1. Take the alpha-carbon centre of the stretch 104-118, take the same for the stretch 12-83, and report the distance between them in whole Å.
2. Any idea what the relative contact order of the chain is, in percent, if you count C-alpha pairs under 8 Å spaced at least 6 apart?
3. What FRET efficiency, computed as 1/(1 + (r/R0)^6) with R0 = 25 Å and r the Cβ-Cβ distance, is obtained for residue 119 and residue 90, rounded to the nearest 0.05?
4. Compute the acute angle (0 to 90°) between the alpha-carbon long axis of helix 60-72 and the principal axis of greatest extent of the alpha-carbon atoms of the chain; round to the nearest 10°.
5. For the residues 49, 79, what sequence is obtained by ranking on other C-beta atoms within 10 Å, fewest first?
6. From the mean inverse distance of alpha carbon pairs (Kirkwood) and the Cα radius of gyration, derive Rg over Rh for the stretch 4-72.
7. Give me 100, 3, 87, 53 sorted ascending by neighbouring Cβ count inside 10 Å, so fewest comes first.
8. If R0 is 35 Å, what FRET efficiency do you get for residue 106 and residue 62 from their C-beta distance, rounded to 0.05?
């Protein structure tokens, strides 16, 4: 079970040309801890991430990608108290079925979320009223 942060860590380690043991020694952790993060069975601690960022000399863009990977690896979610009853019902139904959804259905749901983001950003096209042309404006 790979998570976005586990993939990020493995890719970063390979990019640096390090083994799990070498990375663990570099930042002062056990190899088993690095392995469990790469396998996705454990999330990294804040201290681990700080030491990794410093030791790997991550640039601003890499730090942003790491933060995004962490956010995308979230395993716990909480609904706002202001969420509607429909939202609660949908989320609980989705949660109950999530493990059994076909990958194509997950892709379709994700595509719908992307469409929603685009609809929210793009302005709606306002239809303008057509102007009637005069006889002199009409091409012959």
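1. The two parts, judged by their Cα centres, are 27 Å apart.
2. Working: 59 pairs, mean separation 31.9, N = 140.
Relative contact order, the chain: 23 percent.
3. Details: r = 19 Å, r/R0 = 0.75.
Between residue 119 and residue 90 the formula returns 0.85.
4. The two axes meet at around 90 degrees.
5. Values: 49 20, 79 11.
The fewest-first ordering by Cβ neighbours comes to 79, 49.
6. Result: Rg/Rh = 0.91.
7. Final ranking by Cβ density, sparse to dense: 100, 87, 53, 3.
8. Values: r = 28 Å, r/R0 = 0.79.
The computed FRET efficiency comes out at 0.80.
None of the figures in this text is laboratory data; all of them are computed from the coordinates on show. Here the structure is a predicted model, which is why all the values come from computation and not from measurement. Note: ideal-geometry Cβ built from the backbone for every residue, glycine included; neighbour counts use all protein chains shown.
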